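Taking it in order: structure first as structure tokens, then the write-up.
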Amino acid sequence: MHISKWDLKRVLAQETGLEPKEQRLLFQGKEKDDEECLHMVGVKDMSKVVLLEDPASKERKLDEMKRNQSILKAYEEVAKVRAEVDKLSEKVIALEAIVRGGTKVSEKKFLVLTELLMVQLLQLDTIEANGEAKVQRKVEVRHVQGLVDTLDNLKARNSNPFSSSCNAVSVTTKWEAFESGVGSLTAPAPLPSSTRITQDWEVFD
């Protein structure tokens, strides 16, 4: 009985799981200071002491529990979207291999994949996330946007598979025209100075 109320709270913390600051100890309906010894407030052997959880602490725990549940729910929703995006990503990779191999692909395939990715992007936008879950959602948004950009590039390449080679020919033609006139539509013009000298000599003869 010569221990303080705070000491009793530390003992009870091991039994109840409530931290000392989360406890309220009442004796005869009154709550004393934590520093007071039990015998000083009239507590004796077999006395009844009531332990209550502090309401403010309980409310904080409930709020924390709700936040944790919200974060967990956001994680699960992002994970579901990620699973769907991974499946679509495999289709994009397969389509890329076909296009780069030179095979013509129906434009409808690009449109369908793009629409499916946009659906997942909208799904991510509806997820309410905080903390690390929000970071994971942002990463997945960037992943989807990257796949959409890839499809756009593949679609352009599929529509004009020789665009890059045409550019190369154009550059080569310009350099040939610059060097010797080969490849140009008109022959290089004769040197004016040389022409005038020849004509002068002809007139002299």
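The values are calculated or read from the model by the stated rules, or taken from the named source; none is laboratory data. Computed from a predicted model, the values in this text were never measured in an experiment. No Cβ is skipped: glycine too gets one built from the backbone with ideal geometry, and neighbour counts run over all protein chains shown. Heads up: the accessible areas ignore ligands, DNA and RNA and are worked out on the full protein's heavy atoms, side chains in. Shrake-Rupley method; radii C 1.70, N 1.55, O 1.52, S 1.80 Å.
Laid out as a table, the results:
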{"item": "Condition check for L72: closer than 30 Å to N130 by Cα and assigned by the TED database to the domain that holds T114", "result": "yes"}
{"item": "Some residue of the range 101-108 being at positive phi, in the same structural domain as K155 (by the TED database) and surrounded by fewer than 15 Cβ atoms within 10 Å (Cβ to Cβ)", "result": "yes"}
{"item": "Pairs with Cβ under 6 Å, 6+ apart, first in the range 145-159 and within 16 Å of Q120 (Cβ to Cβ), second assigned to a helix (DSSP H, G or I) and aromatic (F, W, Y)", "result": "L151/F110"}
{"item": "Every pair of residues 6+ apart whose Cβ atoms lie under 7 Å, when the first sits in the range 15-42 and is modelled with pLDDT of 75 or more and open to solvent by 80 Å² or more (accessible area, probe 1.4 Å) while the second is outside any strand (DSSP E or B) and among the hydrophobic types (A, V, I, L, M, F, W, C)", "result": "E19/A13"}
{"item": "In the range 109-125, the residues that are open to solvent by 90 Å² or more (accessible area, probe 1.4 Å) and within 16 Å of I71 (Cα to Cα)", "result": "D125"}
{"item": "Test for V49: is it touching a Phe, Trp or Tyr at 6+ places or on another chain (Cβ under 6 Å) and either open to solvent by 60 Å² or more (accessible area, probe 1.4 Å) or at negative phi (or both)", "result": "yes"}
{"item": "Which listed residue is in contact (Cβ under 8 Å) with a residue 12 or more places away in the chain, of a type in the set (S, T, N, Q), surrounded by 11 or more Cβ atoms within 10 Å (Cβ to Cβ) and farther than 26 Å from V141 by Cα, from S89, S57, S70", "result": "S57"}
{"item": "Leading residue by the ranking (farthest from L72 (Cα to Cα)) among those in the range 128-160 that are at pLDDT below 90 and open to solvent by less than 50 Å² (accessible area, probe 1.4 Å)", "result": "N158"}
